[in-house]
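Every read-out reported here was derived from the displayed coordinates using simple, explicitly stated rules and does not represent laboratory data. Owing to the predicted nature of the structure, the values given are computational and were not obtained by experimental measurement. FYI the Cβ positions are ideal-geometry reconstructions off the backbone, even for glycines, and counts take in every protein chain you see.
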Amino acid sequence: MHRRTAATSVIVVAALALAGCGRSETTTTEPSTSVEPSSTAAVVETDSIEGPLEVWAIGNEGELLPDLLTEFEETNPDVDVTVTAIPWEGYQDKLRTAVAGGQAPDVSMVGNPYAAVLAPTGGLDPVPTDLIAGDDFFEGSWDASIIDGISYAVPWYIDTRVIYYRTDLAEEAGLDQPTSWTELQDFTAGLQDAGAELGMYLQPSGNRNSLTLLPMVWQAGGDLVNEDKTEFTIDTDAWADAIAYYVSYFDQEISDLTYMQTGEYEPRFVNGDVGSFVSGPFDVAMVREQGGEGFDDVGLMTWPQQDGGDGPGTGYVGGGDLVVFEDTDNRDAAWGLVQWLTEPETQVEWFELSGDLPSNQAAWDDPALADDELVSVFGDQMDNAQALPGIATISEVLTAIDLELEKAVRGVVTPEEAAAAMQEEATSIGTGA
Amino acid sequence: MSDIAPPRRRAARRREIRTTLIAWGFALPFTVLFAVFMAWPVAQSLVMSVTDMGIADLRTPFAVDFVGLDNFVALFHDERFLHSLTNTAYFVVVGVPLTIVGALAVATGVNSGITRLRTMFRVGFYIPVVTSIIAVATIWRFMLQPDGILNQLLGEVGITGPAWLQSTSLAMPVIIVMAAWRNMGTVMVIFLAALQGVPRDHLEAAMVDGASTWQRFRHITLPALRPVMLFACVITGVSYLQFFEEPYVMTQGGPLDATLSTTYYTFSQFGFGHYSYASAASYVLFVAILALTVLQFRLLRSED
């Protein structure tokens, strides 16, 4: 008797639960990913802000931000900012869980372009465009967080990838800065002749080898999506060319299939095994640290164009953005903080503190950046750099591209087949539009 | 007379109720925690697996549509998922026997063969169990590099070692060996305890009758270990069917998905926001675990 009653009650509860599910009749039949902007988004008062403010920042930025914020708290004595440093590992899950549980902070840093992925949850507060102007920032970084015409994040710092190379090996082999794809390949082969085991470390597999491929695609004139981000444009000559170029480094044994993480290739660069690699600003400090006192055989150069010409070939720009959450209790202070962090003066101070490159274009005029030999190369690359498109499915699409590129590198498929397969996968994933 | 219950029965009934209440009082904390943190998520994910919940539904998890078995059907048309099932099966079919046999050999050795430094051996074989997978994986990755220690040692003997972790055929065996090495300790400890329970007099009688060491092992020790063997196989099988850390840290599921496990696949699907799809994948794995456990019980159940 007990068992039957228990079973019946379980079934009744389950049925009620399922009956209670179901999308609302008033929304469209497909799950909607566009978000209604909050009606109060445009009205933000940042003159006299007060109250507690919870900020999450990731990795190194999380550890250094409190130092920067002492000045903010002096100018705004009624605001009490608490910074929580979270690790890069799994931060996306943390943010999603926080949004789901209503436990999100007021402001958070996210990796670019993750705001676009988070936006469909409705958990982000749209950027008040009367307070923060998109034109101040590098176009690619700003555009990456726009979904359906609404901006959801403000770029905080940028991270662009350039080519690190051993200047002594280059000098020994008498190599000039390459200005085309062919010249770059000859350059790296030349580094091998001068003694390096690997002419260039190119990622052979997974973990975003796609981000090294994408600049090549842009240099060849292609792109990931079309203008209005409704379709993927991967099954094209530009992609096939770029993939073929990437694969040729492996065919010619300038790169090999050994996968190395950050921390593994820098020592090998310093001891001359690896002639060159592609990386962002953080490796400047790492290489200098590995090399120790007196190691100055590292040089940076911008990407060449596909066929040769002046100016850098298109590079990849990523970095960190700042988002404010929709549930915030202190919208004014949150946006006030974001505005302060993205002002040119604060951006220069942050650069001096953390080494992060400013996202605000005006900040680059400051001598601290303009006069630094290595940093200025990053600035040069920013003259021609593109960010990832702001689509909600970017993570999944990049993973699919990673996998197909790996197959091409291993010779399992031809570059054309790889491009076609990437197009098919990406289309089945969709742009979330 | 009939409307007054006999006092003895009433008192007994009250005692019974009181005992039941006390028992529930003791059990309540665990029951509540179990219901909230284990039973509820299990039930919720089962419900999620028959809906179309995605990342856009994060803040409104009940506003989703019921889609029946669509997710499960889609899973079985998904090449990568099917590949991950094959990989997981490979891992379990090779890994479980390897771990059990290895642990049994070590336990038997430590139990009977080694008299001095026994504790050192016990501890030494158990330490891999308690190590951090990150630390272990980093070291192993260094050792397995094309110019790493393993290949250097092989070079001494004249063999050119391959790039272990970059080879689609060798990556999985390497991961299996590493997992067996790591988990052998737990099973070894269980077997060591069980070996104490093997009837001494049977062994002595067999020795007197002239049975060899191997015959004694096969006909007396092994049957006595049968229930413990079942236990070890079940817990190792359940754990291995869900293997995740090794590919996550060592190979990121590569090369070319050669070490992609079903749990890893489920994890990445969750990461992409495909909640209902990932829930369905985890239930498929659950069914596999049930099936394997039932099979093991059938095969290894004590005959009495």
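Note on chain B: with a GNM built from Cα contacts shorter than 10 Å, the maximum mean-square fluctuation among B:PHE26, B:PHE142, B:PHE243 falls on B:PHE26.
Note on segment A:142-287: Cα-only Rg and Dmax are 17.0, 53 Å. In whole Å, how far is the Cα centre of segment B:118-137 from that of segment A:326-375? Between the Cα centres of segment B:118-137 and segment A:326-375 lies a distance of 47 Å. In terms of its alpha-carbon gyration tensor, segment B:1-158 comes out oblate; a/c meets the 1.5 threshold, while b/c is at least as large as a/b. Relative to its residue count, chain B spans a Cα convex hull of 263 Å³ per residue.
Note: segment A:274-362, Cα convex hull, 175 Å³ per residue. Take each residue of peptide B:48-58, count the partner chain Cβ atoms within 10 Å of its Cβ, and average: the result is 5.
May I ask for the Rg/Rh ratio of chain A, computed from Cα atoms with Rh as the Kirkwood radius, given to two decimals?
That ratio is 1.02, to two decimals.
Percent of C-alpha pairs per 5 Å bin in segment A:104-216, short distances first: 2, 9, 16, 15, 12, 10, 9, 9, 8, 7, 3, 0.
Long hydrophobic helices in chain B, taken as whole DSSP H segments with a C-alpha length of 30 Å or more on their own axis and mean Kyte-Doolittle hydropathy at least -1.0: B:7-34, B:79-108, B:171-195, B:275-300. Here segment A:177-260 was treated as a single set of alpha-carbon atoms; its pair distances binned every 5 Å from 0 give 3, 14, 21, 22, 18, 11, 6, 3, 1, 0 percent. Of interest is the spacing of the C-alpha centroids, which for segment A:166-210 and segment B:231-304 amounts to 42 Å. Checking the a/c ratio against 1.5 first, then a/b against b/c, what shape does the Cα gyration tensor give for segment A:269-424? Judged from the Cα gyration tensor, segment A:269-424 comes out oblate (a/c at least 1.5, b/c at or above a/b). With a 10 Å cut-off around each Cβ of A:114-122, the average count of Cβ atoms from other chains is 3. Ranked by the mean number of other Cβ atoms within 10 Å of their residues, highest first, the peptides B:286-292, A:360-366, B:196-202 come out as A:360-366, B:286-292, B:196-202.
Rg then Dmax, both in Å and based on the Cα atoms of segment B:203-244: 15.3, 49.
Classify the protein assembly as shown: rounded, prolate or oblate, from the alpha-carbon gyration tensor (a ≥ b ≥ c, eigenvalue square roots; a/c under 1.5 rounded; otherwise prolate if a/b is larger than b/c)?
oblate
Taken about its Cα centre, chain A carries a charge dipole of roughly 2440 debye when the Cβ of each Lys and Arg holds +1 and the Cβ of each Asp and Glu holds -1.
Rounded to the nearest 500 deg cm²/dmol, what is the calculated helix-only ellipticity per residue at 222 nm for chain A, with -39500 (n - 2.57) per DSSP H run of length n ≥ 4? Result for chain A: -12500 deg cm²/dmol, rounded to the nearest 500. Toward the positive end of the charge dipole of chain A, with +1 on the Cβ of Lys and Arg and -1 on the Cβ of Asp and Glu, the farthest Cα among A:PRO113, A:ALA418, A:GLN185 is that of A:ALA418.
Taking other residues whose beta carbon is less than 12 angstrom from the beta carbon of A:VAL44, and scoring Lys, Arg as +1 and Asp, Glu as -1, yields -4.
Restricting to DSSP loop positions (anything but H, G, I, E, B) with no more than 14 other Cβ atoms inside 10 Å of their own Cβ, which GluC sites (Glu not before Pro) remain in segment A:277-331? Counting only loop positions with at most 14 other Cβ atoms within 10 Å, the GluC sites (Glu not before Pro) in segment A:277-331 are A:GLU293. Based on Cα atoms of segment B:106-191, Rg over Rh with Rh as the Kirkwood radius reads 1.06. At 222 nm, what value in deg cm²/dmol follows for chain B if DSSP H runs of at least 4 each add -39500 (n - 2.57) and the sum is divided by all its residues, to the nearest 500? Dividing the helical sum by the residues of chain B leaves -22000 deg cm²/dmol.
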